[in-house]
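Heads up: the structure comes next, in structure tokens.
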Amino acid sequence: MESNRIKIVMIDNETRALNRMKLLLSNFHDIDIIEQTTDAKKGLECVLHDNPELLFLDIEMPDMSGLEIADQLKKNGSTTKIIFTTAFDHYAIPAIKKNAFDYLLKPVSIDELKETIQRYKMTEQSNLSKREFEIIRLLAKGLNSKAIAEELFISRHTVDTYRRKILEKTGCKNAAELIMYATKANIV
């Protein structure tokens, strides 16, 4: 496997859900599914052993919940990003508290999946912080540095410093180019 390929593990107690996600993921040529399992404990062991970039994880499972798996991964220092996939929206807040990369409701659409994968690539390739993403979104809304500073309760000088760093990280020359870049990557 090439190093720029994204390794994925999928854990879901429903075989149908796994098969559907596998079919959706087959549209992405830079993804390798290294494991798909209905056995939560086996999936956890695989993630800890193989350290994939992404884990598509159901929440309600009989032997171990997805939230418990997230706790185990954190406890073991895993860097794998978790994308919770569930039919229940009431787990969103607990998932966010577990630092979920994303939270997708079943049935997951190809557009939602594409947006998530593109955002993951953008985050990994550019190494942008959450604050930098926030500033990009506000720039895309047409706010200037002064307005962004007021919105985020930081100084204008701090916003300008962030803007310079964002341009360096993304290789963009100006705000207009940055907004086009962010739009293509579906982060705005």
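For Asp63 and Ser129, the difference between the fully extended length at 0.36 nm per residue and the C-alpha to C-alpha distance is 20.2 nm.
Cross-linked pairs Lys41/Lys75; Lys75/Lys165; Lys98/Lys130: Cα-Cα separations exceed 27 Å for Lys75/Lys165.
Between the Cα long axis of helix 66-75 and the first principal axis of the chain there is an angle of about 70°, rounded to the nearest 10.
Where only DSSP H runs of four or more residues are counted, the chain gives -16000 deg cm²/dmol as its mean residue ellipticity at 222 nm, each run worth -39500 (n - 2.57). Rounded to the nearest 10 degrees, the inclination of helix 156-170 to the longest alpha-carbon principal axis of the chain is 60 degrees. For Asp32, nonlocal amide neighbours, meaning residues 5 or more places apart or on other chains whose placed amide H falls under 5 Å from its own, are Ile6, Lys7, Ile8. Relative to the longest principal axis of the Cα atoms of the chain, helix 130-140 runs at roughly 60 degrees.
The simple spin-label model puts a point 7 Å past each Cα toward its Cβ; for Lys97 and Lys173 those points are separated by 4.9 nm.
Since every read-out is calculated from the coordinates, none of them should be taken as a lab result. This is a predicted model, so every value here is computed, not measured. Positions of Cβ are generated from backbone atoms using ideal geometry, with glycine treated the same way; all protein chains shown enter the neighbour counts.
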